[in-house]
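Where a number appears in this text, it was derived from the coordinates with a stated rule and is not lab data. None of these values were measured; they are calculated from a predicted model. Note: ideal-geometry Cβ built from the backbone for every residue, glycine included; neighbour counts use all protein chains shown.
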Amino acid sequence: QVQLVESGGGLVQPGGSLRLSCAASGFMFSTYTMNWYRQAPGKQRALVAQINSSGFTNYIDSVKGRFTISRDNVKKTVYLQMNSLKPEDTAVYYCNAWWTAASYWGQGTQVSVSS
């Protein structure tokens, strides 16, 4: 049974930091590209960062230099370290596992940035 379980969301002040985690099970984690998406109220879900099976990373421009995606293939977990958070980062953050034959989603974790 495939599972992606996100954790680490919460309420933080502007300029603060959060670290999201996504624990995976039920599939060959090390071979999948792992992605973090987010969906703000009234907006479509959008890709934020990704890391492929070789460790290559990619970010959207608005989070470059502030967010870092990483993975631990032994723990089958992907992380998103988010620093210098801004109110516009407020969204539900979703973990996604992608391979050519399959794509899996977590349930999401809320991140709210507000003073």
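Other residues within the sphere of radius under 14 Å centred on the Cβ of SER17, judged by their own Cβ, net out at +2 (K and R +1, D and E -1). Comparing PRO14, PRO41, PRO87 in a Gaussian network model of the chain, where Cα atoms under 10 Å apart are tied by springs, the biggest mean-square fluctuation is seen for PRO41. Largest mean-square fluctuation among THR68, THR77, THR100, in a Gaussian network model of the chain whose springs join Cα atoms under 10 Å apart, belongs to THR100. May I ask you to list the chymotrypsin sites (Phe, Trp or Tyr not before Pro) in the stretch 10-76 that are in a DSSP loop and have at most 14 other Cβ atoms within 10 Å of their Cβ? Of the chymotrypsin sites (Phe, Trp or Tyr not before Pro), the ones in loops of the stretch 10-76 whose Cβ has at most 14 other Cβ atoms within 10 Å are PHE56. Name the residues of the stretch 29-50 whose amide N is less than 19 Å from a point 7 angstrom out from the Cα of TRP105 along the C-beta direction? Only 33-50 pass the distance filter. Taking Cβ atoms as reference points and 9 Å as the exclusive limit, the residues near TYR94 contribute a net charge of +1, counting Lys and Arg as +1 and Asp and Glu as -1. Assigning unit charges at the beta carbon (Lys, Arg +1; Asp, Glu -1) and nothing else, what dipole magnitude in debye, to the nearest 20, does the chain show about its Cα centre? Charge dipole of the chain: 40 debye, to the nearest 20. Relative contact order, percent, of the chain when contacts are C-alpha pairs under 8 Å separated by at least 6 residues? Relative CO of the chain lands at 36 percent. Structure remark: mean-square fluctuation, Gaussian network model of the chain, C-alpha springs under 10 Å; the largest value among GLY16, GLY55, GLY26 belongs to GLY26.
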